[in-house]
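Inspection log for the structure reproduced underneath, given as structure tokens.
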Protein chains: 2
Amino acid sequence: MTHEAGIPLGIRFKLLSDTPQDSAAQVVHDVVIGDYRDLETLRAFARGCDVITFDHEHVPTEHLRALEADGIPVRPGPDALVHAQDKGVMRAKLDAIGVPCPRHRIVSDPADVAAFAAEGEGFPVVLKTVRGGYDGKGVWVVRSAEEAAEPFRAGVPVLAEEKVDFVRELAANVVRSPHGQAVAYPVVESRQVDGVCDTVIAPAPDLDAELALRAEELALTIAKELGVVGHLAVELFQTRDGRVLVNELAMRPHNSGHWSQDGAITSQFANHVRAVLDLPLGDPRPRARWTVMVNVLGGDFPDMYPAYLHCMARDPQLKIHMYGKDVKPGRKVGHVNTYGDDLDDVLERARHAAGYLRGTITE
Amino acid sequence: MTHEAGIPLGIRFKLLSDTPQDSAAQVVHDVVIGDYRDLETLRAFARGCDVITFDHEHVPTEHLRALEADGIPVRPGPDALVHAQDKGVMRAKLDAIGVPCPRHRIVSDPADVAAFAAEGEGFPVVLKTVRGGYDGKGVWVVRSAEEAAEPFRAGVPVLAEEKVDFVRELAANVVRSPHGQAVAYPVVESRQVDGVCDTVIAPAPDLDAELALRAEELALTIAKELGVVGHLAVELFQTRDGRVLVNELAMRPHNSGHWSQDGAITSQFANHVRAVLDLPLGDPRPRARWTVMVNVLGGDFPDMYPAYLHCMARDPQLKIHMYGKDVKPGRKVGHVNTYGDDLDDVLERARHAAGYLRGTITE
């Protein structure tokens, strides 16, 4: 999707991909197959690139520092990216710059988890390995010290967090360039199912204007203080008492910003590319009153083609984004965007299409 | 641009390109370098493709018939495409189906041109070689039999046409699928400079609703009667006496439809891909009151980069589309789209950006 956004800008990508089957590897011209965990692979790949960016956070921080030492601009740089790679580092930094977070601390064993619970509101407690988690992986909600053994097995430090009593989840997406220009997308509502993003509504319905502004300012502050270059997604909890607390950070185009492909003047992908290349940023404002994104998950039927035809025929305004992935149950294989003036209608159209593609809606 | 539109649909292209420097060859994953005029190259390329389509009309008709005989779907097919390849065949067919055209006939030599002039309104007369012309090439406006020698030198049949006293040029863009579904984009005004498209305004300002409808119906009729599959652009003259006459046909995404990338719900490129694959077509309606496209021509400065930065900084809503081509004076190297409610403002922004990129505007 970043390549797609780069084409009209005249930007050419060179891609380092694990396998030829990866989504991007199917559509980018210049593809190198290799392991991003291997420094020599990265070094050979980086030669001749004007700048390096990522579509995930898993490239080892020390490898990124080595590339920088070789003179290759890395954006976002390792000093920023480490906050999206390591939840312990992220929490410490957000505390230091005064950004509100759920109560948290690194815990050493199940007894320490019980102590953490006793220091605050008691169980349940959320446990996260500080590295390697995504889409609900590496996250546990435990109701007792006895349930808390599992997270410690990987030998990675474990972060305990209070289970926030939230009204809903929001996301504030901003983009920042090397020379410090920044733009903020409207704050969106993000609905999760089983720890995976399901639906995003832009802008977040019935969001108090002052709270929306506070969320955008928080995201812009984080981008600046952490030295982020490119897209920053700040996942937030909206609490019952009217606060926003930071849940997670991502430093790349993010699922909560996919609506912008069809719903904003400039998409998150285009602005990420513009920021990474230090080009002036595009207008992030919405083009429609409401835009809704719903993820398409794989269902029980490997052949989505009949459903794909049906959805296009049923709704000629539907915007489909498929990733060229084999269908496996529960796997994100695409998303749909809809937009319009009537939120109920826009939501219904997106949900119907995503459900029909998955096979959970059959008419 | 067709590849870009195919990415979200999950469509993968294999590209036959003259050189690795061609715009599409820089961004498509699977590129074969070869000559489209060589049948064996075409045959080898076509193996394994679900369907073949084009971004120009120059593949020899007989080669397309050979591919069809091999069992490869060619869309648009040779029986349709010949009308965009040969202006003599096109005029004869449009006459046969009752579509209004400028007065015309095939002429044999300069004396015959004088006879053609005398049969109607006299000189000037427009002469066109029936094959091989585009962007003003292969077209002459002659004021006497003495001036009419040049077009006959190539040994290609020459078509004479009356020089229409038009108010302006319009274009009606439609897309038709193999099962006969068709959609019509709003009729646009197309302004030419030196025979090359310069500015397109969507929809055409102050166009009588009935005339607009007639133009759309004409284009839909032509698509149906000629068996077009995919995008059909019908270039039209709007005459002083309130008629529309067909000037040229193109059977592929067309410069007069580039506005649709940012101005329509579904772009011409996405609908061309959908038609060629017999997928249901997307909604062609505009997203904005006005959309303006201005072509970016190469100027005297080979390095457009400073101007590119300036234009993005000046207008964060500007949509730039660069083709990755080396800059040569007068060469189409990209286009810009702008949209909004105020036509004067939208026109000014697009013209400023295109002029600045070319180097003819310096502030």
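Looking at A:Ile106, A:Ile97, A:Ile33, which is the one that is exposed (fewer than 15 other Cβ atoms within 10 Å of the Cβ), closer than 30 Å to A:Gly242 by Cα and either away from chain B (no Cβ under 14 Å) or out of contact with any Cys (no Cβ under 9 Å at 6 or more places or on another chain) (or both)?
Details: A:Ile106 fails: exposed (fewer than 15 other Cβ atoms within 10 Å of the Cβ); A:Ile33 fails: closer than 30 Å to A:Gly242 by Cα.
Going through A:Ile106, A:Ile97, A:Ile33 in turn, just one is exposed (fewer than 15 other Cβ atoms within 10 Å of the Cβ), closer than 30 Å to A:Gly242 by Cα and either away from chain B (no Cβ under 14 Å) or out of contact with any Cys (no Cβ under 9 Å at 6 or more places or on another chain) (or both): A:Ile97.
Which number in (1) more than 7 Å from chain A (Cβ to nearest Cβ); (2) surrounded by 19 or more Cβ atoms within 10 Å (Cβ to Cβ) marks the one condition that B:Arg314 misses?
For B:Arg314, the failing item is (2).
Being small (Gly, Ala, Ser) and outside any loop (DSSP other than H, G, I, E, B) is the filter here, so list the residues in region A:241-262 that pass it.
Taking region A:241-262 as the starting set, the residues that turn out to be small (Gly, Ala, Ser) are A:242, A:250, A:256-257, A:260.
Answer for region A:241-262, where residues must be small (Gly, Ala, Ser) and outside any loop (DSSP other than H, G, I, E, B): A:Ala250, A:Ser256, A:Gly257, A:Ser260.
Identify the single condition in (1) modelled with pLDDT under 95; (2) in contact with a Phe, Trp or Tyr (Cβ under 7 Å, 6 or more places away or on another chain) that B:Val32 does not satisfy, given that it satisfies every other one.
Result: B:Val32 fails condition (1) only.
Looking at (1) part of a loop (DSSP other than H, G, I, E, B); (2) of a type outside the set (Val, Ile, Thr); (3) within 21 Å of the chain's Cα centre (by Cα), which one does A:Gln238 not meet, given that it meets all the others?
(1)
For A:Asp283, state whether it is modelled with pLDDT of 95 or more, acidic (Asp, Glu), part of a loop (DSSP other than H, G, I, E, B) and closer than 20 Å to A:Pro186 by Cβ.
Working: modelled with pLDDT of 95 or more: yes; acidic (Asp, Glu): yes; part of a loop (DSSP other than H, G, I, E, B): yes; closer than 20 Å to A:Pro186 by Cβ: yes.
Criteria met by A:Asp283.
Would you pick out the residues in region B:227-239 that are surrounded by fewer than 23 Cβ atoms within 10 Å (Cβ to Cβ) and within 23 Å of B:Ala270 (Cβ to Cβ)? If you could, list the steps in order and put the result at the bottom.
Within region B:227-239, the subset surrounded by fewer than 23 Cβ atoms within 10 Å (Cβ to Cβ) is B:227, B:235, B:237-239.
Of everything in region B:227-239, those that are surrounded by fewer than 23 Cβ atoms within 10 Å (Cβ to Cβ) and within 23 Å of B:Ala270 (Cβ to Cβ) turn out to be B:Gly227, B:Glu235.
Report, by residue number, each residue of region B:3-28 that is more than 25 Å from A:Val327 (Cα to Cα) and more than 7 Å from chain A (Cβ to nearest Cβ).
B:Leu15, B:Leu16, B:Ser17, B:Asp18, B:Thr19, B:Pro20, B:Gln21, B:Asp22, B:Ser23, B:Ala24, B:Ala25
B:Glu57 passes all but one of (1) of a type in the set (Asp, Glu); (2) in a helix (DSSP H, G or I); (3) under 24 Å from the mean Cα position of the chain (by Cα); which number fails?
The number of the failed condition is (2).
With respect to B:Gly299, determine if the residue is more than 11 Å from every other protein chain (Cβ to nearest Cβ), assigned to a loop (DSSP other than H, G, I, E, B) and at positive phi. Explain how you work it out, then say what you get.
On the way: more than 11 Å from every other protein chain (Cβ to nearest Cβ): yes; assigned to a loop (DSSP other than H, G, I, E, B): yes; at positive phi: no.
Taking the combined requirement at face value, the residue does not satisfy it.
Which numbered condition in (1) within 18 Å of A:Leu249 (Cβ to Cβ); (2) touching a strand residue (DSSP E or B) at 6+ places or on another chain (Cβ under 8 Å); (3) surrounded by fewer than 14 Cβ atoms within 10 Å (Cβ to Cβ); (4) of a type in the set (A, V, I, L, M) is the only one that A:Leu64 fails?
In the conditions (1) within 18 Å of A:Leu249 (Cβ to Cβ); (2) touching a strand residue (DSSP E or B) at 6+ places or on another chain (Cβ under 8 Å); (3) surrounded by fewer than 14 Cβ atoms within 10 Å (Cβ to Cβ); (4) of a type in the set (A, V, I, L, M), A:Leu64 misses (3) alone.
Do you know which residues across region B:81-94 are free of Cβ contacts under 8 Å to residues at least 60 places away in the same chain and either assigned to a strand (DSSP E or B) or buried (at least 18 other Cβ atoms within 10 Å of the Cβ) (or both)?
Here is the first cut: in region B:81-94, the ones free of Cβ contacts under 8 Å to residues at least 60 places away in the same chain are B:82, B:85-86, B:89, B:92.
Those that are free of Cβ contacts under 8 Å to residues at least 60 places away in the same chain and either assigned to a strand (DSSP E or B) or buried (at least 18 other Cβ atoms within 10 Å of the Cβ) (or both): B:Val82, B:Gln85, B:Asp86.
From B:Asp208, B:Asp241, B:Asp262, B:Asp278, grab the single residue that is in contact with a His (Cβ under 8 Å, 6 or more places away or on another chain) and among the acidic types (Asp, Glu). Working first, answer last.
Values: B:Asp208 fails: in contact with a His (Cβ under 8 Å, 6 or more places away or on another chain); B:Asp241 fails: in contact with a His (Cβ under 8 Å, 6 or more places away or on another chain); B:Asp262 fails: in contact with a His (Cβ under 8 Å, 6 or more places away or on another chain).
None of the others qualify; the one that does is B:Asp278.
Can you name the number of the only condition in (1) of a type outside the set (S, T, N, Q); (2) at pLDDT below 95; (3) farther than 19 Å from B:Asn255 by Cα that B:Pro316 fails?
Result: B:Pro316 fails condition (2) only.
Does region B:198-206 contain at least one residue that is out of contact with any Lys or Arg (no Cβ under 6 Å at 6 or more places or on another chain), exposed (fewer than 13 other Cβ atoms within 10 Å of the Cβ) and modelled with pLDDT of 95 or more?
Applying the first criterion (out of contact with any Lys or Arg (no Cβ under 6 Å at 6 or more places or on another chain)) to region B:198-206 yields B:200-206.
Now restrict to residues that are exposed (fewer than 13 other Cβ atoms within 10 Å of the Cβ): B:205-206.
Narrowing the set further to residues that are modelled with pLDDT of 95 or more leaves B:205-206.
Checked region B:198-206: at least one residue is out of contact with any Lys or Arg (no Cβ under 6 Å at 6 or more places or on another chain), exposed (fewer than 13 other Cβ atoms within 10 Å of the Cβ) and modelled with pLDDT of 95 or more.
Can you tell me which residues in region A:263-276 are out of contact with any Phe, Trp or Tyr (no Cβ under 7 Å at 6 or more places or on another chain), more than 10 Å from every other protein chain (Cβ to nearest Cβ) and not in a helix (DSSP H, G or I)?
Residue satisfying the conditions is A:Ser267 alone.
Under the condition of being closer than 22 Å to A:Val346 by Cβ and not charged (D, E, K, R), which residue from region A:317-328 is farthest from the other protein chains (Cβ to nearest Cβ)?
The qualifying residue farthest from the other protein chains (Cβ to nearest Cβ) is A:Leu318.
Among the numbered criteria (1) within 14 Å of another protein chain (Cβ to nearest Cβ); (2) farther than 30 Å from B:Gly334 by Cα; (3) touching a Gly at 6+ places or on another chain (Cβ under 7 Å), which single criterion is violated by A:Thr41?
Checking A:Thr41 against (1) within 14 Å of another protein chain (Cβ to nearest Cβ); (2) farther than 30 Å from B:Gly334 by Cα; (3) touching a Gly at 6+ places or on another chain (Cβ under 7 Å), the one that fails is (1).
Considering only residues of region A:331-348 that are touching a Leu at 6+ places or on another chain (Cβ under 8 Å) and without any contact (Cβ under 8 Å) to a residue 40 or more places away in the chain, which is farthest from the other protein chains (Cβ to nearest Cβ)?
A:Arg331
Within region A:111-199, which strands (runs of 3 or more DSSP E) (wholly inside it) include 2 or more residues that are in contact with a Cys (Cβ under 8 Å, 6 or more places away or on another chain) and within 19 Å of A:Gly257 (Cα to Cα)? Working first, answer last.
Details: elements: A:125-129, A:139-142, A:158-162, A:166-176, A:182-184, A:188-193.
Because the criterion is at least 2 residues that are in contact with a Cys (Cβ under 8 Å, 6 or more places away or on another chain) and within 19 Å of A:Gly257 (Cα to Cα), the strands (runs of 3 or more DSSP E) in region A:111-199 that meet it are A:188-193.
Return the only residue of A:Asp303, A:Asp283 being of a type in the set (D, E, K, R) and within 19 Å of A:Ala219 (Cβ to Cβ).
Numbers: A:Asp303 fails: within 19 Å of A:Ala219 (Cβ to Cβ).
Among A:Asp303, A:Asp283, only A:Asp283 is of a type in the set (D, E, K, R) and within 19 Å of A:Ala219 (Cβ to Cβ).
Could you list, in sequence order, the residues of region A:264-300 that are closer than 19 Å to A:Gly180 by Cβ and in contact with a Cys (Cβ under 9 Å, 6 or more places away or on another chain)?
A:Pro280
Just one of A:Asn295, A:Asn271 is at pLDDT 95 or above, closer than 21 Å to A:Pro203 by Cβ and in the same structural domain as A:Lys332 (by TED's automatic domain parsing); which is it?
Numbers: A:Asn271 fails: in the same structural domain as A:Lys332 (by TED's automatic domain parsing).
The match here is A:Asn295.
All but one of (1) in contact with a Gly (Cβ under 6 Å, 6 or more places away or on another chain); (2) within 22 Å of A:Ala80 (Cβ to Cβ); (3) in contact (Cβ under 8 Å) with a residue 60 or more places away in the chain hold for A:Glu162; state the number of the condition that does not hold.
Result: A:Glu162 passes all but (2).
Taking region A:246-264, which residues are surrounded by fewer than 24 Cβ atoms within 10 Å (Cβ to Cβ), touching a helix residue (DSSP H, G or I) at 6+ places or on another chain (Cβ under 9 Å) and either free of Cβ contacts under 8 Å to residues at least 60 places away in the same chain or not aliphatic (A, V, I, L, M) (or both)?
A:Glu248, A:Arg252, A:His254, A:Gln261
Take region B:331-345 and flag every residue that is among the hydroxyl-bearing types (Ser, Thr, Tyr) and either more than 15 Å from B:Tyr356 (Cβ to Cβ) or not assigned by TED's automatic domain parsing to the domain that holds B:Tyr308 (or both). Let's see the steps before the verdict.
Filtering region B:331-345 for residues among the hydroxyl-bearing types (Ser, Thr, Tyr) gives B:338-339.
The answer is B:Tyr339, and nothing else.
The values are calculated or read from the model by the stated rules, or taken from the named source; none is laboratory data. Just so it is clear, the structure is predicted and the values come from calculations on it, not from any experiment. Here the Cβ is made from the backbone with ideal geometry for all residues, glycine too, and neighbour counts use every protein chain on show.
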